[in-house]
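Undergrad: My questions will all concern the structure given below.
The values are calculated or read from the model by the stated rules, or taken from the named source; none is laboratory data. Since we're looking at a predicted model, the values are computed, not measured. For neighbour counting, all protein chains shown are included, and Cβ atoms are generated from backbone atoms with ideal geometry for every residue, glycine included.
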Amino acid sequence: MEKKTEKKTKTLDSSSQEVYNKLSANKFKSESGHWYTQEGEPMYTIVGANGKERNTTLRDARKENLVPSVTTILSMIAKPQLENWKINQALNSALTLEKDSLETIEEFAYRCKQDSKRIGQEAAEKGTKIHAMIERGFLGEEKTETYCVIQNYLDEMFPDEEWIAEASFCADLGYGGKIDLYSKSGIFVDFKTKDNLEGKEPSKLVYDEHGMQLSAYAQGCGFDDVERVSIFVDREDTELIACHIWDKESHAKHIAMFNSILTYWKLVKNYEPKKRKEA
């Protein structure tokens, strides 16, 4: 069942805004992690030979027998919708910025590129903050109105479920991940943020990549019969959501697609993590 977007006049209340602003820079760092231990623990950073913390690399993964994240695997495929968004941002920068008379065309093009990159980074940071607000609610730390809107929807669609937030895992196939939300009965939920959700049809917002991500989580946790839910939150009006429940028939297709990409990733990177009993 789809939940269409409905316009609300409220945005963040003072309590939600306070949570929004208090989120630490460490949270942003953890969200960008791409590697997991054989025990399913995130290893976003590692201490280098110089004693300083840095991002974990493939070379580190080989030494520590780490597994790549689901999103790292999926980064191997083309994302036309993301590329179109980047192109639109670059064109918008070129049309709105004023060229200095002393600038060369190359210098102006570079400035436009940097401006569009800044916009993309700001959108990503805002999405991370919203994601963290939702997480805090499901962890019982602080319930914002954004969390309440999502919780009410899930209660309506899946009553009496026990939800587990931000659980990480390591699959026998050699990949790991951190799940936004899932239930013991096998309902997997992933949160995304998007601009201008008002009036958007949820089925038009999802792509195979979103389905593959949820299916990979379910497979990694040993679930066969699953429900998959993609929930989109508007970046500006964070009480505005759009929800898509995936049909069960596409789960097998998305598993097959993901496993093919996983095999491709291992071949390209020339890296096959050893299973725990082999390590």
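Undergrad: Cβ-Cβ distance below 9 Å, separation of 6 or more or different chains: which pairs start in the stretch 214-241 with a residue that is farther than 17 Å from ALA256 by Cβ and in contact (Cβ under 8 Å) with a residue 40 or more places away in the chain and end on one that is among the basic types (Lys, Arg) and buried (at least 23 other Cβ atoms within 10 Å of the Cβ)?
TA: none
Undergrad: Take the conditions surrounded by fewer than 19 Cβ atoms within 10 Å (Cβ to Cβ), among the charged types (D, E, K, R) and at pLDDT below 95 and apply them to ASP160. Does it pass?
TA: yes
Undergrad: Do we have any residue at all in the stretch 255-278 that's of a type in the set (Asp, Glu) and within 17 Å of the chain's Cα centre (by Cα)?
TA: No, the conditions are met nowhere in the stretch 255-278.
Undergrad: Checking the condition closer than 26 Å to GLU236 by Cβ and of a type outside the set (Asp, Glu), which residue from ALA109, ALA94 passes?
TA: Numbers: ALA109 fails: closer than 26 Å to GLU236 by Cβ.
Only one candidate qualifies: ALA94.
Undergrad: So LYS192 passes all but one of these: (1) surrounded by 15 or more Cβ atoms within 10 Å (Cβ to Cβ); (2) at pLDDT below 95. Which condition number does it fail?
TA: Single failed check for LYS192: (2).
Undergrad: If I ask for residues that are touching a Gly at 6+ places or on another chain (Cβ under 6 Å) and either more than 30 Å from SER116 (Cα to Cα) or assigned to a loop (DSSP other than H, G, I, E, B) (or both), which ones from the stretch 52-87 would you list?
TA: VAL67
Undergrad: Take ALA252 and decide whether it is in contact with a helix residue (DSSP H, G or I) (Cβ under 8 Å, 6 or more places away or on another chain) and among the small types (Gly, Ala, Ser).
TA: Criteria not met by ALA252.
Undergrad: Okay, next question. Can you spot a residue in the stretch 40-51 that is modelled with pLDDT under 95, outside any loop (DSSP other than H, G, I, E, B) and under 30 Å from ASP115 (Cα atoms)?
TA: Checked against the condition, which is being modelled with pLDDT under 95, outside any loop (DSSP other than H, G, I, E, B) and under 30 Å from ASP115 (Cα atoms), the stretch 40-51 yields at least one hit.
Undergrad: Can you tell me which residue within the stretch 26-39, out of those that are part of a loop (DSSP other than H, G, I, E, B) and loosely packed, with under 15 Cβ neighbours inside 10 Å, is modelled with the highest pLDDT?
TA: Our first condition is that a residue be part of a loop (DSSP other than H, G, I, E, B); within the stretch 26-39, this holds for 32-34, 37-39.
Checking the rest, the ones that are also loosely packed, with under 15 Cβ neighbours inside 10 Å come to 32, 39.
Details: SER32: 39, GLU39: 95.
Out of the qualifying residues, it is GLU39.
Undergrad: Tally time: how many residues in the stretch 89-143 are free of Cβ contacts under 8 Å to residues at least 60 places away in the same chain and either of a type outside the set (Asp, Glu) or assigned to a loop (DSSP other than H, G, I, E, B) (or both)?
TA: Residues meeting the conditions: 37.
Undergrad: List every residue pair whose Cβ atoms sit under 7 Å apart, with the two residues 6 or more apart in sequence or on different chains, where the first one lies in the stretch 37-55 and is more than 19 Å from PRO273 (Cβ to Cβ) and the second, anywhere, is of a type in the set (A, V, I, L, M) and assigned to a strand (DSSP E or B).
TA: Listed pairs, sorted by first residue: GLU53/VAL47; ARG54/ILE46.
Undergrad: Grab the strands (runs of 3 or more DSSP E) fully contained in the stretch 164-244, keeping just those with 3 or more residues being aromatic (Phe, Trp, Tyr).
TA: none
Undergrad: Of the conditions (1) over 26 Å from ASP195 (Cα atoms); (2) crowded, with 17+ Cβ neighbours inside 10 Å, THR144 fails just one. Which one is it?
TA: It is condition (1) that THR144 fails.
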